[in-house]
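Undergrad: After the structure tokens below, expect a handful of questions from me.
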Amino acid sequence: MPKAIRNFTITSASGSMIFLEGQEVPVDVAERYPDHIEGTAVEPEKYVHNPNLKEKMTDAEAADLSYKDLLQWIRQFRPGSMPAGKPKQEDLVLLVQSLSK
């Protein structure tokens, strides 16, 4: 039987099921939630330091960064400010401009 690699909860109309790390998980649940199952979970991207990014920059420099570089800048210099979801590039530019002062 598959095993959970992290704690997770499933909530449905019939109730909730809680699975703890290392606990065996029914096959049908494992097929629906592969990111929580041993051997099928995708490993998170490893943190990569980008030496081309600098912590302090002008507003123009921040505006010239690509979407990916804006996200990398936040991860690298202000990880606690990482926005949830998928923010728009304009919002990221404003955030980086305000944080890079």
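The values are calculated or read from the model by the stated rules, or taken from the named source; none is laboratory data. Computed from a prediction, not measured in an experiment: that's the story for all the values here. Heads up, the Cβs are rebuilt from the backbone with ideal geometry, glycines too, and the neighbour counts pull from every protein chain shown. SASA here: full protein model, heavy atoms, side chains in, ligands and nucleic acids out. Shrake-Rupley method; radii C 1.70, N 1.55, O 1.52, S 1.80 Å.
Undergrad: Given the conditions (1) in contact with a helix residue (DSSP H, G or I) (Cβ under 6 Å, 6 or more places away or on another chain); (2) surrounded by 11 or more Cβ atoms within 10 Å (Cβ to Cβ), report the number of the one that residue 75 does not fulfil.
TA: Just one mismatch for residue 75, condition (1).
Undergrad: Kindly provide the set of residues from the stretch 47-72 that are surrounded by 11 or more Cβ atoms within 10 Å (Cβ to Cβ) and of a type in the set (Val, Ile, Thr), ordered by number.
TA: Within the stretch 47-72, just 58 meets the criteria.
Undergrad: Something else about it: Note down all Cβ pairs under 8 Å where the first residue falls in the stretch 27-42 and is farther than 18 Å from residue 12 by Cβ and open to solvent by less than 50 Å² (accessible area, probe 1.4 Å), the second is at pLDDT below 85 and among the acidic types (Asp, Glu), and they're at least six residues apart or on different chains.
TA: As it stands, the answer is 41/35, since those pairs meet every condition given.
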